[in-house]
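Just below is one structure, and these are the notes that go with it.
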Amino acid sequence: MRANYNVRPCDGERKAAGAGTMENNGQMTYLRAGALVVLLAVACPCAAEDAPSAEKGEQIYAENCATCHGEDLVNNAGIAFDLRRLTAGEHDRFVNSVLHGKNAMPPWEGVLDQRKIESLWAYIRANAYK
């Protein structure tokens with residue numbers, strides 16, 4: 001007697017096992033999505049650390065800008081532009097000035113990357129005149 005290897009379970013057995021049903025497919029989709037979220041969170045823990053922030057901007061400002069623009073954005077000597085005067089709509093102007101320099105200000109392209117410039121912007125906007 002030959003064994004029949006092409007035997008498939010009847011519909012009742014398949015439904016009892018949950019195979020091929022919409023409910024099972026939906027559960028698998030949620031499980032896969034959940035696994036993907038966990039995998040990304042484990043693989044990229046530094047993503048939040050790399051995000052621009054006013055706190056990081058304050059440190060970058062102290063290291064690179066305070067000499068000319070004043071400690072804590074307070075420019076008492078009037079030598080350089082008062083960065084607190086920048087409005088929210090002047091982001092592009094700020095980035096261009098930082099990258100390419102302006103008047104006596106040297107260019108910072110190659111020294112400050114985009115993430116650091118955005119952190120500087122966050123710090124300036126957090127302390128801008130209202």
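What the table below lists for this structure:
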read-out	value
Residue, nearest to Y129 (Cα to Cα), within the range 53-78, restricted to residues that are of a type in the set (A, V, I, L, M) and touching a residue at least 24 places away in the same chain (Cβ under 8 Å)	L73
Members of the range 82-121 found to be outside any helix (DSSP H, G or I) and either touching a residue at least 24 places away in the same chain (Cβ under 8 Å) or among the polar types (S, T, N, Q) (or both), listed by number	L86, T87, N103, A104, M105, W108, V111, L112
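Readers should treat all values here as calculations from the given coordinates under stated rules, not as data from a laboratory. From a predicted model like this one, the values you see are computed outputs, not experimental measurements. Reconstructed Cβ throughout: ideal geometry from the backbone, glycine too, with neighbour counts over all protein chains shown.
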